[in-house]
Amino acid sequence: MKRRVTSFIAAGFFGLMLPLTTEAQAADALPKPTGVPLLEVSGDIKVKNGVRGAVFDLQMLRDLAEHEYVTTTIWTEGVQTFTGVPLAVLLDRLDVEDGTLMAKAINDYAIEIPVADIDPKAPMVAYMMNGKEMSRRDKGPLWIVFPYDSDAKYRAEIAYARSIWQLDRIAVVQ
């Protein structure tokens, strides 16, 4: 008799735990894109919305945390206003804590960014320049940019090399 009671209590306890686990997982779940997919993040990420990793459309990126830089670049004329999501926020959403990002552009240009080199607000994945979505012709739809005018470290060759435009995929590797 004692064994049945213990089993019943254990089953009841674990039965109560299942909905809590499911709710926690649902809160962490990444929705699937409803618009045109712009960015695929694969590799060593914990939060996914597909078989290969996480896919984001423009609205999903905008929903993460919109940030703005007003800066000049070596590729454009005059001061530009970039709007996007800090790369650190994107990685935090995917529960990435370390490793190296292998970022690739539509034309297969590739760069590496160690996660340890990413500041809380720089760089960002920009999806707008001067209030407009960027076309492929304008280095879009996504461009990793830094606040170049804010600090000399962002006007160095390493930051320029990491400023990949026409970004469409990132792999996180250890």
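The values are calculated or read from the model by the stated rules, or taken from the named source; none is laboratory data. This is a predicted model, so every value here is computed, not measured. No Cβ is skipped: glycine too gets one built from the backbone with ideal geometry, and neighbour counts run over all protein chains shown. Calculation scope for accessible area: heavy atoms of the full protein, side chains included, ligands and nucleic acids excluded. Shrake-Rupley method; radii C 1.70, N 1.55, O 1.52, S 1.80 Å.
Observations
- Residue in segment 23-32 that is of a type outside the set (Gly, Ala, Ser), modelled with pLDDT of 50 or more, under 18 Å from residue 103 (Cβ atoms) and touching a helix residue (DSSP H, G or I) at 6+ places or on another chain (Cβ under 9 Å) present: no
- Of everything in segment 112-133 that is farther than 21 Å from residue 44 by Cβ and not in a strand (DSSP E or B), the residue that is most open to solvent (accessible area, probe 1.4 Å) is 121.
- Qualifying residue in segment 126-134 (condition: under 18 Å from residue 37 (Cα atoms), among the hydroxyl-bearing types (Ser, Thr, Tyr) and in contact with a Ser or Thr (Cβ under 8 Å, 6 or more places away or on another chain)): yes
- In segment 145-174, the residues that are closer than 18 Å to residue 127 by Cα and assigned to a helix (DSSP H, G or I) form Cβ pairs under 6 Å with partners that are of a type in the set (D, E, K, R) and open to solvent by 20 Å² or more (accessible area, probe 1.4 Å), at six or more places apart or across chains, as follows: 148/155.
- Residue in segment 88-96 that is in contact with a Phe, Trp or Tyr (Cβ under 7 Å, 6 or more places away or on another chain) and either crowded, with 20+ Cβ neighbours inside 10 Å or assigned to a helix (DSSP H, G or I) (or both) present: no
- Segment 125-172 - residue that is closer than 16 Å to residue 72 by Cβ and hydroxyl-bearing (Ser, Thr, Tyr) and, of those, farthest from the chain's Cα centre (by Cα): 150
- Whichever residue in segment 134-168 is within 19 Å of residue 65 (Cβ to Cβ) and touching a Leu at 6+ places or on another chain (Cβ under 7 Å) and, among such residues, is most open to solvent (accessible area, probe 1.4 Å): 141
- Among the residues examined, residue 163 does not qualify as hydroxyl-bearing (Ser, Thr, Tyr) and out of contact with any strand residue (DSSP E or B) (no Cβ under 7 Å at 6 or more places or on another chain).
- Failed item, numbered, when residue 51 is tested on (1) part of a loop (DSSP other than H, G, I, E, B); (2) modelled with pLDDT under 95; (3) open to solvent by less than 50 Å² (accessible area, probe 1.4 Å): (3)
- Segment 61-85, residues that are closer than 21 Å to residue 43 by Cβ and out of contact with any Asp or Glu (no Cβ under 8 Å at 6 or more places or on another chain): 61, 64
- Residues of segment 28-37 that are touching a strand residue (DSSP E or B) at 6+ places or on another chain (Cβ under 6 Å) and outside any loop (DSSP other than H, G, I, E, B): 37 alone.
- The lone exception for residue 57 - which of (1) open to solvent by 60 Å² or more (accessible area, probe 1.4 Å); (2) of a type in the set (D, E, K, R); (3) within 16 Å of residue 143 (Cα to Cα) it fails: (1)
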